[in-house]
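The values are calculated or read from the model by the stated rules, or taken from the named source; none is laboratory data. Treat the numbers as computed from the prediction; the structure is a model and nothing was measured. Neighbour counts are summed over all protein chains in view; Cβ atoms, including those assigned to glycine, are modelled from backbone coordinates with ideal geometry.
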Amino acid sequence: MKSLIQTEFLKFKRSRILYISIFGVLIISATVLLQGQHIFYGEKYADKSGWLITAALSLGSFYILPPLFALIGSYSISREYQDGTMKELAIIPVRGKELIVSKLIVSFTFCIFLTLLLFVLELFTEVILYTNKLTILEMIRYLKQYFLQGIALFFAITPLIAIVTIFRKGYWLSVIFAMIYSFAGVFTSQSQMFKSIYPISASFCFSGFYDVSGMQFMIACISLIISLLIAGIILRSARVYRME
C-alpha cells in the first residue's frame with residue numbers, strides 16, 4: 001500500500017489537474033479580496049477582523065472546493081483508462097481495492113492541502129495586508145475550521161467521485177455534477193431541518209462554522225459517514241478495476 005501511495009503522489013506531481021486546482025484556490029482568494037473592498041457604513045468588509053477568512057471558507061465550500069475535490073478524486077481513479085495504463089496494471093500483483101484506496105488517500109491529502117492553502121492565503125491577507133489583529137487562539141480556531149471543513153467536504157463529495165468514475169473517462173462530468181450538488185447546499189443551509197442532513201451544508205455543522213446543537217452535530221457526522229459508505233458501495237459494486 002505504501003508504494004502505491006507513493007506512486008500516486010508522483011503521478012499527481014506530474015499532472016496538470018493539481019495546478020488547475022491551485023489556480024482555483026487563487027481565484028477564491030482573489031474573489032473574496034475584491035468583495036472585501038465593498039464599503040459598509042464607511043468601513044471596508046476586509047477591515048473587519050476575520051471577515052476574509054470566514055468569507056473565503058463560505059464561498060469556497062459552496063462554489064469552488066467541491067468541484068475541485070470531485071475533479072481530483074475522479075481523475076485519480078479514471079486516469080488509468082485515460083492514460084491507457086490498465087494493461088500494465090493488470091499484470092501487476094495488486095488488488096483493485098488497494099489501488100482505489102491508495103488513490104482516495106492521495107486525493108484526500110491533496111484536497112486537505114488545497115483547503116489549508118486557502119487558509120494560509122487568507123491569513124496572510126488578513127494579517128499582512130490589512131494588519132487585522134487576530135489572536136493566536138483565533139488563528140488556531142480558524143485553522144481547525146478549515147481543516148475539518150476540508151475533511152467533511154471530501155466525505156460529502158465521494159459519492160460523486162464514485163458515480164463519475166464508472167464512466168471511466170468522464171471525470172470532467174464530476175465538475176458539473178459537483179457544482180449543482182454544492183450549490184444546492186446554499187438553500188439547505190438556510191433550513192434548520194436540512195442543513196445538518198444535506199452533506200454539503202452538514203460540512204459547516206461538522207467544522208464548527210455554524211453554531212449547532214449537539215444533536216445537529218451528530219446528524220451531520222452521520223450524514224458524512226453515510227456519504228462515504230455510499231461511495232464505497234458504488235465503487236465496490238461497479239468494480240472499476242477488475243483485478244481481483
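For residues in the stretch 103-129 being of a type in the set (Phe, Trp, Tyr) and within 24 Å of ILE157 (Cα to Cα), which is surrounded by the fewest Cβ atoms within 10 Å (Cβ to Cβ)?
Residue satisfying both the conditions and the ranking: PHE113.
Of the residues SER203, SER213, SER174, SER227, only one is over 23 Å from ALA56 (Cα atoms) and either surrounded by 15 or more Cβ atoms within 10 Å (Cβ to Cβ) or of a type in the set (Lys, Arg) (or both); which?
Only one candidate passes the filter, namely SER227.
Identify, from the list SER74, SER29, the residue that is assigned to a helix (DSSP H, G or I), modelled with pLDDT of 90 or more, over 12 Å from the mean Cα position of the chain (by Cα) and of a type in the set (Gly, Ala, Ser).
Exactly one of SER74, SER29 is assigned to a helix (DSSP H, G or I), modelled with pLDDT of 90 or more, over 12 Å from the mean Cα position of the chain (by Cα) and of a type in the set (Gly, Ala, Ser), namely SER29.
What is the residue count in the stretch 185-219 for residues that are closer than 19 Å to ARG141 by Cα and part of a loop (DSSP other than H, G, I, E, B)?
Looking only at that region, the number is 6.
Would you check if ILE161 is farther than 25 Å from ASP211 by Cα and under 13 Å from the mean Cα position of the chain (by Cα)?
yes
Between a first residue in the stretch 1-25 that is surrounded by 11 or more Cβ atoms within 10 Å (Cβ to Cβ) and at pLDDT 90 or above and a second residue that is in a helix (DSSP H, G or I) and β-branched (Val, Ile, Thr), which pairs have beta carbons less than 8 Å apart while being 6 or more apart in sequence or on different chains?
From the stretch 1-25, the pairs are SER21/ILE72; GLY24/ILE64; VAL25/ILE64.
Where the second residue is among the charged types (D, E, K, R) and the first is modelled with pLDDT of 80 or more and lies in the stretch 118-142, which pairs have Cβ atoms under 9 Å and are six or more apart or on separate chains?
Once the first residue is modelled with pLDDT of 80 or more and sits in the stretch 118-142, its partners that are among the charged types (D, E, K, R) give VAL127/LYS133; LEU134/GLU126; TYR142/GLU122.
Within the stretch 136-145, is there a residue that is hydrophobic (A, V, I, L, M, F, W, C), in contact with a helix residue (DSSP H, G or I) (Cβ under 7 Å, 6 or more places away or on another chain) and surrounded by 17 or more Cβ atoms within 10 Å (Cβ to Cβ)?
no
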